[in-house]
Amino acid sequence: MCVKHVPDTAATIRIGTDDCIDENITFIMNPYDENAVEEAVRLKKQTIDADVIAVTLGKGTAEATLRSAMAMGADRAILVKSKSSHDSISTARALCAAIQRDGDPDIVFTGKESVDNEGFQTMFHLAACLDVPVVSNAVKFAMTDTTIRVTCEMEAGDLEHIEMETPCVIGAGKDLNQPSYPKLPDILKARKKPLTEIELSDLGIATPASRVEMIKIESIKEERYPEIIDGTADEIADTIVHVLREKAKVLDG
Amino acid sequence: MKRVAVLIEMKDGKVKPACLGAISAAHDSDAELFALVFKGTAAASLETLQAHGIDRVIEITSQDGPIQWNADHWARAGIQALQYYNIKTLLGLASVQGKNLLSRIAALLEAPLVMDCTAVNLSEHTAVKSQFSGRAVAEFKTRGEYHLYGMRPNALSAVPSPGKAILEMFQAVLEKSKLRVLEVQQGLSDRVDLTEADIIISGGRGMENSDNFDILFECARPMSAAVGASRVAVDAGWVSHTMQVGQTGKTVSPKVYIACGISGSVQHFAGMKTAGIIMAINLDPDAAIMHKCDYAVCANLFDIIPALTRKLKEITG
């Protein structure tokens, strides 16, 4: 499965002068990727002969996230090393090349989105590179021989039941499973599991004709100055209705 | 003349209001505006679309007639329409369906796509979006033959631009899809979708249990609001994860966000900080949210919400 090393969801993000974030903060595995790892590991427990490989594109520090994936049960890991940042097209090309060099996977699990850049599309580009079907936001997964049945969450709680054949790419949603947190022996064992490092430049990937380029980035200052509403419950309710109707103009009546 | 297309989403037989906001993003571009619609809904949407500046409404079908929902098929048919009409810029919504379709179209064309934009400049090919769950904002430039943008629902308001639109049919040629959609199971249809709601009323730790969420649903109904929840309420098992607002839940931009018994963690703010008005009802005057909102109500939500529900019912009848 593909995982991503991202800043902790509780970290304060500071933008440096070079438009890069101050990386002196805690990085973690992208939360949705934990569901992807968990599902892959569960599948291995059912089908015995599966080889579960964690793959990422990132700096050397992303090794921590791969070790976490191995502590959760992945057998080995591949780190495609690159110092620069990548858009989803070039990330997908790199992951695809690394995956295909290793072998042909039956299923690629990944998180439905990443909490840092929120592009929502790397898995789709990866599926296009691998020329396999893809679904995102999977909340239920079952496999019989080479047939996959997944349930994906759509809008307003609608559920879509989809069938496809392996190989395929699946974007894991939060409700797919409850990731189990590794115990100390698992963490120690993960340190000894094999991790292959590949330099991105060694994969010989052609530069894509299209790309998304970041021009500038800045921190957001949160500026809201609260107005206190008080009084009896009825008075407060009246004021709220007034705000909804007159300020926000969201009430028809 | 340059051509721009907008991928239209329908809800209950009508164009989603958020789509009209996405169309307004293209108003300044002096391009010819196309609307791409699926599943025999063009006639129903024509009037609304031409009132908002669309010049040509393209109804996409296939050799077998209207194309039933299948994200892979819709994406491939959409690409054929873009190619046939020589359209290089495509706008859509960063809704669940929009993310699904735009990402597939971008992947199949290997085209640049910026998702969840709050603003775009179609002549410069630039887009603004949040990064790191709303803790930073970045501007991106798309380079390539195509330019795709998914607009955050409600980030832009609908702007009327009355005109006349031509209705055309486009027939795509589709092969068998590798995806088989077996069934679409309807959720609770009387509930408003979080990401597209004008008003969201959310509950957190202060709700105390699952049953108490009923007062939020009751309050939401007369104002057509969606009900959300903080991670605490979801993790406690009071409500489903589909209702979670925040970094590991949904990102929303309603016109009004009413937070009931929510302390306002960084992760929660990541999901709702772009709301127009944030209102907080909390017993604790020192809760983080009470200092980062527009209206702070320091009171017991179990007194305020029922009173508010009564007032709203009086107004809406």
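The values are calculated or read from the model by the stated rules, or taken from the named source; none is laboratory data. Since we're looking at a predicted model, the values are computed, not measured. Every residue, glycine among them, receives a Cβ derived from its backbone with ideal geometry; neighbour counts consider all protein chains shown. Ligands, DNA and RNA are stripped out before the accessible areas are found, and what is left, the full protein with its side chains, is counted by its heavy atoms. Shrake-Rupley method; radii C 1.70, N 1.55, O 1.52, S 1.80 Å.
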Condition met for B:Gln247 (facing chain A (nearest Cβ under 7 Å) and not in a loop (DSSP other than H, G, I, E, B)): no
Test B:Ser62 against the stated conditions and say whether it is closer than 16 Å to B:Gln171 by Cα and surrounded by 15 or more Cβ atoms within 10 Å (Cβ to Cβ). yes
Filter the range A:202-217 down to the residues that are more than 24 Å from B:Gln131 (Cβ to Cβ) and small (Gly, Ala, Ser) and list them by number. A:Gly204, A:Ala206, A:Ala209
Surrounded by fewer than 23 Cβ atoms within 10 Å (Cβ to Cβ) and either under 24 Å from B:Gly317 (Cβ atoms) or within 15 Å of the chain's Cα centre (by Cα) (or both): does that describe B:Lys273? no
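Across the range A:197-208, what is the total count of residues that are under 23 Å from B:Ala111 (Cα atoms) and either acidic (Asp, Glu) or more than 7 Å from every other protein chain (Cβ to nearest Cβ) (or both)?
7
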Check off (1) under 24 Å from A:Glu197 (Cα atoms); (2) acidic (Asp, Glu); (3) without any contact (Cβ under 8 Å) to a residue 24 or more places away in the chain for A:Asp131 and give me the number that stays unchecked. (1)
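Quick grid of which residues meet (1) outside any helix (DSSP H, G or I); (2) at pLDDT below 95; (3) open to solvent by 10 Å² or more (accessible area, probe 1.4 Å):
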residue	(1), (2), (3)
B:Ala5	yes, no, no
B:Ala43	no, yes, yes
B:Ile58	yes, no, no
B:Leu102	no, no, no
B:Ala106	no, no, no
Check off (1) surrounded by fewer than 24 Cβ atoms within 10 Å (Cβ to Cβ); (2) at pLDDT 90 or above for B:Val266 and give me the number that stays unchecked. (2)
Evaluation of A:Asp87 against (1) on the phi > 0 side of the Ramachandran plot; (2) in contact (Cβ under 8 Å) with a residue 24 or more places away in the chain (one fails), failing number: (1)
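Could you please give the count of residues in the range B:122-147 that are hydrophobic (A, V, I, L, M, F, W, C) and facing chain A (nearest Cβ under 7 Å)?
Narrowing the range B:122-147 to residues hydrophobic (A, V, I, L, M, F, W, C): B:122, B:127-128, B:132, B:136-138, B:140.
From what's left, facing chain A (nearest Cβ under 7 Å): B:132, B:136-138, B:140.
Total satisfying the criteria: 5.
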So for the range B:161-171 (the condition being in a helix (DSSP H, G or I) and not β-branched (Val, Ile, Thr)), does at least one residue qualify? no
Return the residue satisfying two criteria in turn: it lies in the range A:118-140 and is open to solvent by 30 Å² or more (accessible area, probe 1.4 Å) and in contact with a Ser or Thr (Cβ under 8 Å, 6 or more places away or on another chain), and of such residues it is nearest to B:Tyr149 (Cα to Cα). A:Thr122
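So that you can scan it fast, the table gives a plain yes or no per residue for (1) at pLDDT 95 or above; (2) buried (at least 18 other Cβ atoms within 10 Å of the Cβ); (3) at the interface with another protein chain (Cβ under 10 Å from one of its Cβ atoms):
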| residue | (1), (2), (3) |
| --- | --- |
| A:Met143 | no, no, no |
| A:Gly157 | no, no, yes |
| A:His161 | yes, no, yes |
| A:Glu165 | yes, no, yes |
| A:Lys174 | no, yes, yes |
| A:Gln178 | no, no, no |
| A:Pro182 | no, yes, no |
| A:Pro194 | yes, no, no |
| A:Ser210 | no, yes, yes |
Selection from the range B:173-182 of residues that are within 14 Å of chain A (Cβ to nearest Cβ) and either part of a strand (DSSP E or B) or more than 16 Å from A:Asp131 (Cα to Cα) (or both): B:Arg180, B:Val181, B:Leu182
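For the condition touching a residue at least 12 places away in the same chain (Cβ under 8 Å), crowded, with 23+ Cβ neighbours inside 10 Å, assigned to a loop (DSSP other than H, G, I, E, B) and facing another protein chain (nearest Cβ under 10 Å), what is the one hit in B:Pro254, B:Pro285?
Details: B:Pro285 fails: crowded, with 23+ Cβ neighbours inside 10 Å.
Among B:Pro254, B:Pro285, only B:Pro254 is touching a residue at least 12 places away in the same chain (Cβ under 8 Å), crowded, with 23+ Cβ neighbours inside 10 Å, assigned to a loop (DSSP other than H, G, I, E, B) and facing another protein chain (nearest Cβ under 10 Å).
Which residues, taken from the range A:215-240, are assigned to a helix (DSSP H, G or I), closer than 20 Å to B:Leu283 by Cβ and facing another protein chain (nearest Cβ under 7 Å)?
If we filter the range A:215-240 for residues that are assigned to a helix (DSSP H, G or I), which is where we start, we get A:233-240.
Those still in the list that are closer than 20 Å to B:Leu283 by Cβ too: A:233-237, A:239-240.
If the condition is that a residue be assigned to a helix (DSSP H, G or I), closer than 20 Å to B:Leu283 by Cβ and facing another protein chain (nearest Cβ under 7 Å), then A:Ala233, A:Asp234, A:Ile236, A:Ala237, A:Ile240 are the ones that fit.
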Check B:Phe302, B:Phe213 and return the single one that is among the aromatic types (Phe, Trp, Tyr) and farther than 17 Å from A:Ile229 by Cβ. B:Phe213
Residue that is of a type in the set (A, V, I, L, M, F, W, C), open to solvent by less than 50 Å² (accessible area, probe 1.4 Å) and not assigned by TED's automatic domain parsing to the domain that holds A:Val55, where the choices are A:Ile229, A:Ile198: A:Ile229
Checklist (1) in contact with a strand residue (DSSP E or B) (Cβ under 6 Å, 6 or more places away or on another chain); (2) at the interface with another protein chain (Cβ under 9 Å from one of its Cβ atoms); (3) part of a loop (DSSP other than H, G, I, E, B) applied to B:Gly150, failing item: (3)
Of the residues in the range B:257-280, those that are more than 19 Å from A:Val250 (Cα to Cα) and within 11 Å of another protein chain (Cβ to nearest Cβ) come to B:Gly264, B:Ser265, B:Val266, B:Gln267, B:His268, B:Phe269, B:Ala270, B:Gly271
Checking A:Val250, A:Val212, A:Val243 in turn, the sole residue that is among the aliphatic types (A, V, I, L, M) and part of a helix (DSSP H, G or I) turns out to be A:Val243
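Picking from B:Phe213, B:Phe217, which residue would you name as being over 26 Å from B:Thr118 (Cβ atoms) and open to solvent by 10 Å² or more (accessible area, probe 1.4 Å)? Before the answer, list the steps.
Working: B:Phe213 fails: open to solvent by 10 Å² or more (accessible area, probe 1.4 Å).
Just a single option satisfies the conditions, and that option is B:Phe217.
Listed here are the residues, each with its yes/no results for (1) surrounded by 18 or more Cβ atoms within 10 Å (Cβ to Cβ); (2) assigned to a loop (DSSP other than H, G, I, E, B); (3) modelled with pLDDT of 95 or more; (4) in contact with a strand residue (DSSP E or B) (Cβ under 8 Å, 6 or more places away or on another chain).
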| site | (1), (2), (3), (4) |
| --- | --- |
| B:His73 | yes, no, yes, yes |
| B:Ala77 | yes, no, yes, yes |
| B:Cys117 | yes, no, no, yes |
| B:Lys129 | yes, no, no, yes |
| B:Ser133 | yes, yes, no, no |
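Each row is one residue, and each column tells you yes or no for (1) surrounded by fewer than 21 Cβ atoms within 10 Å (Cβ to Cβ); (2) more than 18 Å from the chain's Cα centre (by Cα); (3) within 27 Å of A:Pro133 (Cβ to Cβ).
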| site | (1), (2), (3) |
| --- | --- |
| B:Gly144 | yes, yes, yes |
| B:Ser157 | yes, no, no |
| B:Ser161 | yes, yes, no |
| B:Gln171 | yes, yes, yes |
| B:Val184 | yes, yes, yes |
